[in-house]
Amino acid sequence: MILSVANKYEIQIGTISQANFDWLSSKNYAGWVLFADENTAELCLPRIEEFLPEDTPVIVVPEGELNKNLETCQDMWEDLFAAGVGRRWCAICLGGGVLEDMAGFVSSTYKRGIDFLQIPTTLLSMVDSSVGGKLGIDFNQVKNSIGVFNDPIAVWIDPVFLETLPLREIRSGYGEIIKHGLIADRDQWDKIKTITDLSTVDWETIIPSSVNIKREIVLEDPFEKGLRKALNFGHTIGHAIESYWLETDLRLFHGEAVAAGMIMESWLSTQLEALSSDELREITDYCLSMYGHQSIPEDSLPELLALMQQDKKNEDHRVNFTLLSAAGKARINATAEEELIVEAIRYYNGLAHA
């Protein structure tokens, strides 16, 4: 399957083959360089290595959100210089969302920008970060606070890479699939809420539907001025708790934090929008069944609120949310007072004893 993004680039969903790299060769770049992280270099690179020229430089970076920072970017820029990469080269980004965000950002700023191609290897990156051209790194404990908008020349999504992932990584990516249904497609939500075992899912049918939801939103609002903010459902609180626990033993993966965020922001939706109590219970029960529960300490609330205040979507010092008026229908640019946000967190904490 091939999906076009505003005639700028194409998203291919299917097996990566020699034909893909023949297309890349036809663009007559001066050279290719490949970015991978420690895991994808071992588990994913062998699946495409036969298609690469033997002299292709491979730059391997540390994996994980903790390394999505300026220090790692500096190492990557230095490696590009050391490899002799010029402005007429193309970077191939082979990895999950962290690697793609960072490698795309590094490529977009190296010598004022070189082309890059994304090959997402996690479910999260396939359905979310590889679509839409948002690139960046974490700074001052705020996720994705330094970055750019820039499109790749292509995105090649091959579900075979999901075979390299532990179930927790699959579950993390699935959080974004849940979100896509809740903000834009009630029928999709009705289908996925019946899924109970992620090890038996036919991803080749689920991935295209989820990618297309994000693609259509990005086409309408490429620079997040309006509708694209719908994609932030679950992320305002979710990003805050993800950042809060990032450097601890209680660290949550992105999709796990977003799932908790969707529960809390669904509760806010019942207070500020028209989301019904029945739909809140349905969303709450499903997210708990798939992700479990991790209570948020009361003494963390001031820090969490401060992190939410730093969210780049905010305007006029008000915390900005995307909420639901119903399952499948989002409303952007909603705001909530701190007292109500605290109540949402306490609603979530109360579920541990429900």
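A quick yes/no check of all residues on (1) aliphatic (A, V, I, L, M); (2) in contact with a Phe, Trp or Tyr (Cβ under 7 Å, 6 or more places away or on another chain):
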site: Phe51; (1), (2): no, yes
site: Val58; (1), (2): yes, no
site: Pro62; (1), (2): no, no
site: Asn67; (1), (2): no, no
site: Asp75; (1), (2): no, no
site: Gly84; (1), (2): no, no
site: Gly97; (1), (2): no, no
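Report yes if Gly97 is in contact (Cβ under 8 Å) with a residue 40 or more places away in the chain and in contact with a strand residue (DSSP E or B) (Cβ under 7 Å, 6 or more places away or on another chain), otherwise no. Judged against the criteria, Gly97 is not a match. Remark: Ile296 matches the filter, which requires a residue to be at pLDDT 95 or above, aliphatic (A, V, I, L, M) and assigned to a loop (DSSP other than H, G, I, E, B). A single entry from Leu288, Leu252 fulfils the requirement of being in contact with an Asp or Glu (Cβ under 6 Å, 6 or more places away or on another chain) and in the same structural domain as Thr196 (by TED's automatic domain parsing): Leu252.
Scanning the range 227-254 for residues that are closer than 18 Å to Ala330 by Cβ and either part of a helix (DSSP H, G or I) or over 14 Å from the mean Cα position of the chain (by Cα) (or both) yields a total of 11. Among the residues of this structure, Leu252 counts as one that is touching a Phe, Trp or Tyr at 6+ places or on another chain (Cβ under 6 Å) and surrounded by 18 or more Cβ atoms within 10 Å (Cβ to Cβ).
Total residues in the range 299-331 satisfying the condition of being modelled with pLDDT under 95 and in contact with a Lys or Arg (Cβ under 8 Å, 6 or more places away or on another chain): the figure is 2. Counting the residues of the range 1-24 that are of a type in the set (A, V, I, L, M, F, W, C) and part of a loop (DSSP other than H, G, I, E, B) gives 3. Going through the range 54-90 one residue at a time, which ones are in contact with a helix residue (DSSP H, G or I) (Cβ under 9 Å, 6 or more places away or on another chain) and free of Cβ contacts under 8 Å to residues at least 24 places away in the same chain? Matches in the range 54-90: Phe81 only.
Quick grid of which residues meet (1) of a type in the set (Ser, Thr, Tyr); (2) modelled with pLDDT of 95 or more:
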position: Phe233; (1), (2): no, yes
position: Ser243; (1), (2): yes, no
position: Asp249; (1), (2): no, no
position: Met262; (1), (2): no, yes
position: Glu265; (1), (2): no, yes
position: Gln271; (1), (2): no, yes
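Within the range 255-297, if we keep just the residues that are closer than 17 Å to Gly350 by Cα, among the charged types (D, E, K, R) and touching a residue at least 40 places away in the same chain (Cβ under 8 Å), the residue that is surrounded by the fewest Cβ atoms within 10 Å (Cβ to Cβ) turns out to be Glu282. When you check Ile237 against the structure, is it free of Cβ contacts under 8 Å to residues at least 60 places away in the same chain and of a type in the set (Val, Ile, Thr), yes or no? Considered against the rule, which asks whether it is free of Cβ contacts under 8 Å to residues at least 60 places away in the same chain and of a type in the set (Val, Ile, Thr), Ile237 comes out as no. For the range 219-226, the criterion of a residue being part of a helix (DSSP H, G or I), farther than 14 Å from Ser125 by Cα and assigned by TED's automatic domain parsing to the domain that holds Glu256 is satisfied by at least one position.
Matching residues to (1) within 14 Å of Ala154 (Cα to Cα); (2) surrounded by 17 or more Cβ atoms within 10 Å (Cβ to Cβ):
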| position | (1), (2) |
| --- | --- |
| Gly14 | yes, no |
| Lys27 | yes, no |
| Cys44 | no, yes |
| Glu65 | no, yes |
| Gly86 | no, no |
| Trp89 | no, yes |
| Glu100 | yes, yes |
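The values are calculated or read from the model by the stated rules, or taken from the named source; none is laboratory data. Bear in mind that the values here come from a model prediction, so they are computed numbers and not experimental data. Please note: Cβ atoms are built from the backbone with ideal geometry, for glycine as well, and neighbour counts cover all protein chains shown.
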